[in-house]
Amino acid sequence: MEAEQMAKQNALRQERRSPAQSIAEVAPAKLDRLIHERLRLGILSALAANESLTFIELKKLLKTTDGNLSVHARKLEDAHYITCTKSFEGRLPKTEYRLTAAGRRALERYLDHMEALIQAMRER
């Protein structure tokens, strides 16, 4: 009898859980705040789909300013998620970005986390 009451209480507690509690159980890892920012997620996603992209290509693709792209790319570079190679094409400077193995793993973890959150919300 006592076991039956405990099972009922646990079922009631389960029903009363907030979405945040359910999500926390499904995807307990912390969200990677470095990637979660819109422009940085865009940079990583674009580089995951391409072998490399130049500064100008990323700027056009993400529809952002030089300064904004530069700041966010530097943060990703400091985290070793991307590499930056500077060279000259004729007399024009060329900055090229590539996704590192660590950056690809971080993006995959982030996407897995987001998929788990979405799945948890759909199951509610």
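Read-outs throughout are calculated quantities, based only on the coordinates presented, and are distinct from any laboratory measurement. What you see is a predicted model; the values in this text were computed from it and never measured. Here Cβ is always computed from backbone atoms with ideal geometry, including for glycine, and neighbour counts include all displayed protein chains.
Here the calculated FRET efficiency for MET114 and GLU51, from their Cβ-Cβ distance with R0 = 25 Å, stands at 0.55, rounded to the nearest 0.05. Between LYS63 and ARG104, the contour length at 0.36 nm per residue exceeds the Cα-Cα span by 12.5 nm.
Compute the separation of the alpha-carbon centres of the range 52-80 and the range 85-124 and state it in Å as a whole number. So the separation of the two Cα centres works out to 12 Å.
Sorted fewest first by neighbouring Cβ atoms within 10 angstrom, GLU115, GLU89, GLU96 come out as GLU89, GLU115, GLU96. Averaged over residues, the count of other Cβ atoms within 10 Å places the peptides 103-109, 45-51 in the sequence 103-109, 45-51, highest first. Under 23 Å of direct C-alpha separation, and excluding same-chain neighbours fewer than eight residues apart, LYS75 reaches these lysines: LYS30, LYS59, LYS60, LYS63, LYS86, LYS94.
Relative to the current alpha-carbon distance between LEU31 and LYS75, full extension at 0.36 nm per residue lengthens the span by 14.2 nm.
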